[in-house]
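Comments concern the structure below.
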Amino acid sequence: MEENKKNPFSEDNKENLEDEKKEETSEEQEVNAVNSDDETNEEENSSNEEKSELEKKYEDLNNKYIRLAADFDNFRKRTQQEKEELSKYTTVQILNKIASVLDTFDRAQEHLKDIENCQTVKESYEVAYKQFLDTLKKIGMEEIEAIGKAFNPNEHEAITQVPTNDFEPDTIAYVAQKGYKLEDKVIRPALVGVAKKLEDE
């Protein structure tokens, strides 16, 4: 017996060593398991925090988008309403100016009822026509210059060529229909005949 206790290679000592190793291994596994659980919990907590933060950012961005969309829709409606009101106001101003020209025609018509003198009729017509042109000019509408001017495809539409030596080639020698523009915008182009050099016979 005493020999077995002293001999480290005896069977009993081997079994004791193996039991001790098993206990140490078991303890290490338990410690590793606890550490692993702690790490898993930390990762889950970190993941949940990140998820919560992302959800908060998403909600903030979504709310900002909804407010921005509502603001833009209100702006669009307000702009459309202002445009319609401005259009109506402009139309009223124009019609008010034209109404004064109609008044002149009405007065002329009254005066011409019993008049046989053609000169008086001509003068009344010229007065009314000039007033009408002046009114159109006040609202920005004016006649496009044509006769003697260089042909401009943005303002003139050529419908024929006019053989003549009275005008330079590629200038306008004849106007079939007057053209008009509002400020710089062409309302309708002038229908014109463009001069070309008259061939000598």
**Message:** Regarding the range 117-135, can at least one residue be identified that is in a helix (DSSP H, G or I), exposed (fewer than 13 other Cβ atoms within 10 Å of the Cβ) and at pLDDT below 75?
**Reply:** yes
**Request:** Scan the range 182-201 for residues that are surrounded by 14 or more Cβ atoms within 10 Å (Cβ to Cβ), within 43 Å of the chain's Cα centre (by Cα) and not aliphatic (A, V, I, L, M) and report the count.
**Result:** 2
**Request:** Would you mind stating whether G179 is surrounded by fewer than 14 Cβ atoms within 10 Å (Cβ to Cβ), closer than 30 Å to Y89 by Cβ and of a type in the set (G, A, S)?
**Result:** no
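The values are calculated or read from the model by the stated rules, or taken from the named source; none is laboratory data. Nothing here was measured: the structure is a model prediction, and the numbers come from that model. Positions of Cβ are backbone-derived with ideal geometry, glycine not excepted, and every protein chain shown enters the neighbour counts.
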